[in-house]
Structure formats: C-alpha cells, structure tokens
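What follows is a set of notes on a single structure, which appears directly below.
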Amino acid sequence: MKIDFHSHILPGIDDGARTVEESVQLVTEMVGWGFERIYCTPHITKKYRNTKKDIKEKFDILRNTLNDRKIDIELRMSAEYRLNPETWHDILKERELMPIEDKYILMEFPINDPSDMGDINPIEEFRKVISLGLTPILPHPERYFYLSHDRLMEYVDAGVMIQSNYGSLAGVYGNDVKERATSLIDEGTVSFLATDMHNMTYIRTIDAWLKAGNPLWEYAVTQ
Ligand SMILES: [Fe+2]
C-alpha cells in the first residue's frame, strides 16, 4: 500500500496549506501519484502550539470536504512533534501522542538552530517513546546541517528510524540536501520516504522527479 505518513496538508494550522481549497489541490495531486493513505501531520512546535483538538477540528473539515467532492483517499491524523521544551514535555505528560499506524512517532529537530532544543537530549526522548511501545522516526535528517553523521548514527543505534523527504531527492531544498539524502539512502540508513507536503512548490518539484522515472517507495522498507 502506498502511504504518505508525513504531510502539512491541513488548512491554516502551520506553515503548510493555508486554505481548504489549497488542501484539496494538494491531496488531489497526491492521489494522482498513487497514494492511497495520507497522514496529516501538522507541526507541534513552540511556534505552532497545536493540540490534538485543534488538529482534529481541521482534520474533520478536510475529511468532510474530500468526501463531498468524492476524492477517494484514506485520510488519517497524527502530528510532527518537534523537540522543543515548550511543547514536547507536555505532550508526553498528557499522553497526547497520536501514533502513525499505531506505532510510529515523527520526532523532528529544529531545522536551523539546535539551541531551540534547550536541554533536551534526543536519545533520552527517543528512549521514552520506545518505552511506550512506540518507534520514533527522525524526519529529514538531511536538512539538519548542524547534525553530524556520527551523531545521526548514535540516534539510529538508540532505536530511531530515519525518514527522508521525496522533496530532498527532487531538489526542493537545494543540492547540498539532495546529496546528503542520496548518500544516506545509498548507505542504507533511510527506511522511509515521505512527501512532507507543504505547498504547490513541493507538488511541482516532486511531480517532475516522478515523471523522470523515479518511483514512490512502499511505506515500509525492511531495516
Ligand atoms: Fe514536516
């Protein structure tokens, strides 16, 4: 089954789709690529302090609109949890986690500034999630320029699985990110690819990449 488990397609909740119409446009293109199930994973960060209730509200709006327009896709709800002290600790305390496929949790780092993690030690947080019977996934490590390869491997050894972005391979974030993603895939570190869909720029770039003959991955790749 073709599953995309990382996307920002819910309207007006983070830096992804801004309106329901834009959401529908993104989903329509993704269905055209062959996705059968899409997870909505809005950011939960110090900037976007979304709760489960906020996400559910937007999710219902999009779900109903897609039903009305007979767009055939299984839509599911989760989140992309950033390791910001302002939000992450409360989420763990209040059992607010919404696992993907009853199992996976997207745990992202700040894109540019690691000091936004405060005194959070990622390995400790990965272990807490594992102790709940869940599997942490680190999305798009190729985008964290401050993250060394050695450190990334320490995380993998601690039990985190790695997801790269289709957009990284397609060139959405430039050549350096593309090279880093390609080498992580070549060495076998990456278990999953996901769209991390935000807007039509992602659609156009990934679409060109797919039309060049690159395939969607099955969502689970054995590691
Ligand atoms: Fe994301």
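Taken together, the values in this text are just the output of simple stated rules run on the coordinates, not laboratory data. The shown structure was predicted, so the numbers you read here are calculated from the model rather than taken from an experiment. Here the Cβ is made from the backbone with ideal geometry for all residues, glycine too, and neighbour counts use every protein chain on show.
Odds and ends about this structure:
- Matching residues, segment 171-206, being assigned to a loop (DSSP other than H, G, I, E, B) and within 15 Å of the ligand (Cβ to nearest atom): VAL172, TYR173, THR195, ASP196, HIS198, ASN199
- Residue tally, condition over 14 Å from the mean Cα position of the chain (by Cα) and surrounded by 17 or more Cβ atoms within 10 Å (Cβ to Cβ), over segment 166-177: 5
- Exactly one residue out of ASP90, ASP102 is on the phi > 0 side of the Ramachandran plot, surrounded by fewer than 18 Cβ atoms within 10 Å (Cβ to Cβ) and acidic (Asp, Glu): that is ASP102.
- Long-range neighbours under 6 Å by Cβ, at least six apart or interchain, first residue of a type in the set (D, E, K, R) within segment 34-49, second part of a strand (DSSP E or B): ARG37/ILE3; ARG37/GLU74
- Selection count where residues are of a type outside the set (Ser, Thr, Tyr) and away from the ligand (no atom under 13 Å from the Cβ), scope segment 14-25: 6
- Counting only residues that are away from the ligand (no atom under 13 Å from the Cβ) and closer than 23 Å to LYS52 by Cβ, segment 128-146 holds 9 of them.
- The condition of being within 16 Å of the ligand (Cβ to nearest atom) and touching a residue at least 24 places away in the same chain (Cβ under 8 Å) holds for only one of PRO85, PRO11, that being PRO11.
- The one condition from (1) touching a residue at least 12 places away in the same chain (Cβ under 8 Å); (2) under 19 Å from THR87 (Cβ atoms) that GLN25 does not meet is (2).
- Summed over segment 1-24, residues that are over 21 Å from PRO139 (Cα atoms) and either buried (at least 16 other Cβ atoms within 10 Å of the Cβ) or aromatic (Phe, Trp, Tyr) (or both) total 5.
- Selection count where residues are farther than 22 Å from GLU96 by Cβ and in a loop (DSSP other than H, G, I, E, B), scope segment 18-47: 5
- Considering only residues in segment 77-86 that are crowded, with 17+ Cβ neighbours inside 10 Å and out of contact with any Lys or Arg (no Cβ under 6 Å at 6 or more places or on another chain), the one that is farthest from MET197 (Cα to Cα) turns out to be LEU83.
- Against the test of being more than 16 Å from the ligand (Cβ to nearest atom), in contact with a strand residue (DSSP E or B) (Cβ under 9 Å, 6 or more places away or on another chain) and under 19 Å from VAL156 (Cα atoms), the options GLU125, GLU101, GLU108 yield a single qualifying residue, GLU125.
- Test result for LYS58, of a type in the set (Lys, Arg) and in contact with a Leu (Cβ under 7 Å, 6 or more places away or on another chain): yes
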